[in-house]
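See below for the structure under consideration.
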Amino acid sequence: MKYTSRALRVLIGLALGATIMACAAPTPAPTSAPAPTNAPAPTTAAQDAALSGQVSFYINEGADEVEGFKDLVETFQQQHPGVTIHLVNIPNDDEFDQKVAALYAAKTPPDIININYRRFGQFAIKGVLQPVDEYLKHSKVMKAADFYPQALEAFRFQDKQYCIPQNISSLEVYYNKTLFEKAGVPLPKAGWTWDDFLSAAKALTQDTNGDGKVDQYGLGIAPVAIRLAPFIWAHGGDLVDNTDKPTKLTIDSPAAMEAFQWFVDLQVKHHVVPSKEDEATEADQSRFEHGTMGMYLNSRVETPELRETIQDSFEWDVAPMPSDKTTATILHSDGYCISKDSTNKDLAWAFTEFANGPAGQSELTKTGRTVPSMQSVATSNDFLVNPEPPANNKMYLDMIPNIRRVPVATTWLEVEGALNNEIQRAFYGDATVQEAVQAAIANTGEYFKQNLNDLNSQ
Amino acid sequence: MGSRLLRYLALSVLILVFWFPLLWMLSYSLRPIGLPPPTKPEFFAPPLAFENYWRVNDYMAITPLMVNSLRIAGIAVPLTLLTASWAGLAIAQLPRAARAFLLALSVALMLVPAVSTWVPRFIFFTNLGWVDTILPLLAPAVMGTSPFYVILFYVSFARIPSELYDAARLDGANALQVWYLVALPLARAAVIAVAVLSFAVYWSSYVEPFLYLQSEAHYTFPVAVRLLEQAHPSNFPVLMAASVIMVAPVILLFAFAQRYFLQGSDALAQFLGRGGDAFE
Amino acid sequence: MSRFSPRVLPRVSLRAWLSYRAQLWLLLLPFLLGTLILILLPMVVTLLLGLTQYDLFSPPEWNNFANYINWLTDRLFQRALYNSLWFIVIAVPLRVAGALLLALALNRRGRGFGLARASVYVPAIVPEVAYAMVWLLILNPGYGIVNLGLQALGLPGVPWLTIPFTARASVVVMWLFQLGEGFILMLAALQILPPDVLECATVDGANRLQRFRHIILPLMLPALLLLTFRDVATSFQSVFLTGVITTQNGPYYTTYFLSHYVFDEAFGLFRYGYASATTSLIYIVTVAIVAGQWLAARRWNRLEDLD
């Protein structure tokens, strides 16, 4: 009894002490200072010497990609003692959106967010982002003309420039050079066609150990809208009726449906991509990294991780999207956006100028993560020449004229969600292309209506 | 003789079946990473890769995550013990009418789906500005975490002979002293059971830390493991190693506290015996 | 010398101005206050917010019943509702029955029984994230142990998580494994059965099935009801991480439940008003099912008494 009461006394003391500690010292993250002051008119660029204070910088990157941003932050802090950039990385897209939204809702906005052009619309419509047209006009470090127009324009919404693009990446074909050479397949080259693409994929789909099951696939594609779109475009079709003010999906046009069927046939007819079962067994990227997949469609964002995991186990490079009636690829771009209610917008802009100006872009592109959005950096050797793969970096620049993008809409993610579900069904043979198209159009109607409502109510 | 053998066989099968997920977790966590996936059932693929546990640290920094999870549990569990046992004692000692009401309330509260609290609590805590703090995570501890624990304490305290309570009160004890010197010492089983159960709740919690914690430095272990799974969905050896690390403290505590659970279930039985009247 | 003299504890003279009963209510304060703020108030707020449109950026705007009307055209919502109701109807009875049967089987002294009882409880206490992940591995079509075992026996492997029927079945099975909580409750309820009643029945010549149906079952009814109610309530929550991690809500939303819908609407799409309306529905479903079962049990009880 005595024993127990002593133990209990300790326990209770701990509990009370801990509770008092917890109540007395809440542990919020050091975001910008709580009381919003009146922001000065956004016309003057910040003087370098006078910079001080603290801003939070939220990014949405994988583990291997964060390092580059950490270096940027450190360099800037060294150049400006008295400045602290609080870097926060949230790897998952949906989680990033949700957490950023929670910050806005709590009136403790993140000062700078680095977000994809397909996702910023939902924030722009809520009025929490700061249009940066004026900042850009008066900047001494960057001008609108410095950037590739395709990337810059993707971050315009309702005639305002909301974010500055960091990269002009696009969808490309990562390929395993070693496997191509072993199978005697000609390497992909600029202007290669859908037929070349398909025959390469077929040749590389093999049963390498003779057990009757395919264990090396020629191709890995995710059955989602942003992978299907370039194929539709290359065949002369369109995803929506109007990129700026979309009112419906136009994937029921003959051209779009043919492209959709061709895409679906990769799995259903030719079996050059993993079946549903094999897809569930191992992810495409993992297969490519282990050398059991010939080609893998993704954007530049995966390059740092691929460099890290593949090392020297095989040779790999990148090739452009194959051409059909035309050549098309889809834009992948992330941009720096500043919050309207940020308490240190000048500092936020100054950091953006550094991290996304010529200096920062050169640094970041060396990590392999970006195809720089600034023309001067993209055409420099910082991007084009690199000891690590891929070697064919010029391909990205050559493809820029062929870049198209999806609409910027407030409900675009929901449209993608519904469309992705149908693409998946058709891709794995659970529905015909006709059925999938009809269902997709039917299910996305309300989202387009909602987007128009949102735009009109502004 | 034959039926005894059959019984042992059946029991062994049962035990294996229920332990199976954990055993498989352990077995796969020791699989060397470079090894291609198994093509036939193999429980151990030598060499046993204990280094997978160190590799987990390459993907996510284990120590700060552990510290964060432990900090939350370390505050929430004692707090839960306090508030749940206080409530339990009060219910045990209050007159019949109040007791019936409070018990009914507790049972009704137990039936509130956790899902239904996500949205309103998030709105509440966000408007309070408690985003990226652990305060929303600790809030349930203020009400004893679960009415089930309150009931458990009530049942344990109610079994203590009333003479002991009366003697203490005659000696001039106030409610806190009664709680501390009479009730708690005689309800050790309940204390341990609630401590272990509530630890499991706070340690394993995923949704609340996911919703409220923003910066990586504040993440708890389950959140980080989920992020790891999203980043490397096919790297099962490392995922299983991380899972084993997450599961081990709870299982160990449970093994230690096991016999107190059974005492706790005796107490539960009494409650049900009495509560049965309410259903007639 | 009294145990409560100042040497043991400083005498807190609360007694001077608060009666014992008042002190007891004071002890209840954290629990009651917490309940009010964290459960009851949220309930009221939820019901009110269900009539608004609220994205957390700007104040809520009344839109009357627009959220509820939207349900009629929201296919995803209908899917989630159907799945959740399906789950309650199929999985809850299985889990309660399983807990009861296991309790009946393991409620005896003897070597191994203690270990068996503890083992049943183990999956229930494993952290959800880890639990969902290990099942992802166990049910992996290519190298999960279930398919490997089937193949070793010469049977074909099944892509458990990518066929709608087996995906749903897997979710149910995963939840059934965690019936340890209910199992403890059933054990406790069994232990309070008066032994002399059971003896009487044996003497009267009733066989085991009759004993079960007419004596054990009615006596255990309170516990059974409690467990069923509790399982209905927790069924909403229990599938959340399973759906997110193990099945990714697939295939094609067949394992997409109301909890996912609420989560996605609120935290993914900033539609807190709409999510509140769905949450209100979860309350209503829970209350309806609980009330329905209660009434059914009372009727059955009264019928039994007539025998």
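The values are calculated or read from the model by the stated rules, or taken from the named source; none is laboratory data. Remember, it's a predicted structure, so these values are computed and weren't measured experimentally. Please note: Cβ atoms are built from the backbone with ideal geometry, for glycine as well, and neighbour counts cover all protein chains shown.
Scan region B:180-192 for residues that are within 7 Å of another protein chain (Cβ to nearest Cβ) and surrounded by 23 or more Cβ atoms within 10 Å (Cβ to Cβ) and jot them down. The answer is B:L184, and nothing else. Out of the residues in region B:65-78 meeting the condition of being without any contact (Cβ under 8 Å) to a residue 12 or more places away in the chain and facing another protein chain (nearest Cβ under 9 Å), tell me which one is farthest from B:I192 (Cα to Cα). The extreme case among them is B:G74. When A:I112, A:I85 are screened for being farther than 22 Å from A:Q161 by Cβ and in the same structural domain as A:T343 (by TED's automatic domain parsing), only A:I85 passes. A count restricted to region A:282-291 and to residues that are buried (at least 21 other Cβ atoms within 10 Å of the Cβ) and farther than 22 Å from C:T162 by Cα stands at 2. With respect to (1) touching a Cys at 6+ places or on another chain (Cβ under 9 Å); (2) within 14 Å of chain C (Cβ to nearest Cβ), the lone exception for A:Y104 is condition (1). Filtering C:F263, C:F270 for residues that are at the interface with chain B (Cβ under 8 Å from one of its Cβ atoms), touching a helix residue (DSSP H, G or I) at 6+ places or on another chain (Cβ under 9 Å) and of a type outside the set (D, E, K, R) leaves a single hit, C:F263. Evaluate region B:241-252: report whether one residue or more is at pLDDT 90 or above, assigned to a helix (DSSP H, G or I), over 24 Å from B:V77 (Cα atoms) and more than 10 Å from chain C (Cβ to nearest Cβ). The answer is yes; a qualifying residue exists.
All conditions but one from (1) touching a Leu at 6+ places or on another chain (Cβ under 9 Å); (2) under 30 Å from B:V155 (Cα atoms); (3) polar (S, T, N, Q) apply to B:T39; the one that does not is (2). Take the conditions among the aliphatic types (A, V, I, L, M), in a loop (DSSP other than H, G, I, E, B) and surrounded by 16 or more Cβ atoms within 10 Å (Cβ to Cβ) and apply them to A:V264. Does it pass? Taking the combined requirement at face value, the residue does not satisfy it. Residues that are among the hydrophobic types (A, V, I, L, M, F, W, C) and out of contact with any helix residue (DSSP H, G or I) (no Cβ under 7 Å at 6 or more places or on another chain) were ranked within region B:79-104; the one that is farthest from the other protein chains (Cβ to nearest Cβ) is B:A100.
Taking each residue of region C:264-282 that is in contact (Cβ under 8 Å) with a residue 40 or more places away in the chain and more than 16 Å from C:A66 (Cα to Cα) and looking for partners that are of a type in the set (G, A, S) and in a helix (DSSP H, G or I) with beta-carbon atoms closer than 7 Å, six or more apart or interchain, yields C:F270/A:A101; C:I282/B:S116. Here C:L161 passes the criteria (1) in a helix (DSSP H, G or I); (2) within 16 Å of C:T255 (Cα to Cα); (3) at the interface with another protein chain (Cβ under 7 Å from one of its Cβ atoms) except the one numbered (1).
For region B:105-122, give me the residue count where each residue is closer than 16 Å to C:L36 by Cβ and more than 7 Å from chain C (Cβ to nearest Cβ). The number of residues fulfilling the criteria is 3.
If you go through region A:292-301 and keep only what is among the charged types (D, E, K, R) and either surrounded by fewer than 20 Cβ atoms within 10 Å (Cβ to Cβ) or over 16 Å from the mean Cα position of the chain (by Cα) (or both), you end up with nothing.
Across region A:320-337, the qualifying residues are those that are of a type in the set (D, E, K, R) and over 29 Å from A:Y162 (Cα atoms), and the one among them that is nearest to the chain's Cα centre (by Cα) is A:D324. When A:E435 is tested against (1) in contact with a strand residue (DSSP E or B) (Cβ under 8 Å, 6 or more places away or on another chain); (2) within 14 Å of another protein chain (Cβ to nearest Cβ); (3) over 24 Å from C:D264 (Cβ atoms), just one condition goes unmet, and that condition is (1). Search region B:204-218 for residues that are closer than 18 Å to B:P64 by Cβ and touching a residue at least 60 places away in the same chain (Cβ under 8 Å) and pair each with any residue that is among the aromatic types (F, W, Y) and surrounded by 20 or more Cβ atoms within 10 Å (Cβ to Cβ) when their beta-carbon atoms are under 8 Å apart and the residues are at least 6 apart or on different chains. As it stands, the answer is B:P209/B:Y219; B:Y212/B:F122; B:Y212/B:F125; B:L213/B:Y219, since those pairs meet every condition given.
Within region C:147-158, being of a type in the set (A, V, I, L, M), more than 13 Å from chain A (Cβ to nearest Cβ) and not in a loop (DSSP other than H, G, I, E, B) holds for C:L150, C:A152.
Restricting attention to region C:54-73 and to residues that are closer than 30 Å to A:P109 by Cα and assigned to a loop (DSSP other than H, G, I, E, B), the residue that is farthest from the other protein chains (Cβ to nearest Cβ) turns out to be C:N63. Is it the case that B:T63 is among the polar types (S, T, N, Q), surrounded by 16 or more Cβ atoms within 10 Å (Cβ to Cβ) and assigned to a helix (DSSP H, G or I)? Considered against the rule, which asks whether it is among the polar types (S, T, N, Q), surrounded by 16 or more Cβ atoms within 10 Å (Cβ to Cβ) and assigned to a helix (DSSP H, G or I), B:T63 comes out as no. Would you call C:V285 facing chain B (nearest Cβ under 10 Å) and either within 16 Å of the chain's Cα centre (by Cα) or closer than 30 Å to C:M220 by Cβ (or both)? For C:V285, the condition - facing chain B (nearest Cβ under 10 Å) and either within 16 Å of the chain's Cα centre (by Cα) or closer than 30 Å to C:M220 by Cβ (or both) - is met.
Against the numbered list (1) more than 14 Å from chain C (Cβ to nearest Cβ); (2) under 16 Å from A:C337 (Cα atoms); (3) not small (G, A, S), A:F123 comes up short only at (1). Across region B:139-151, a minimum of one residue is classified as more than 7 Å from every other protein chain (Cβ to nearest Cβ), within 21 Å of C:I284 (Cα to Cα) and in a helix (DSSP H, G or I).
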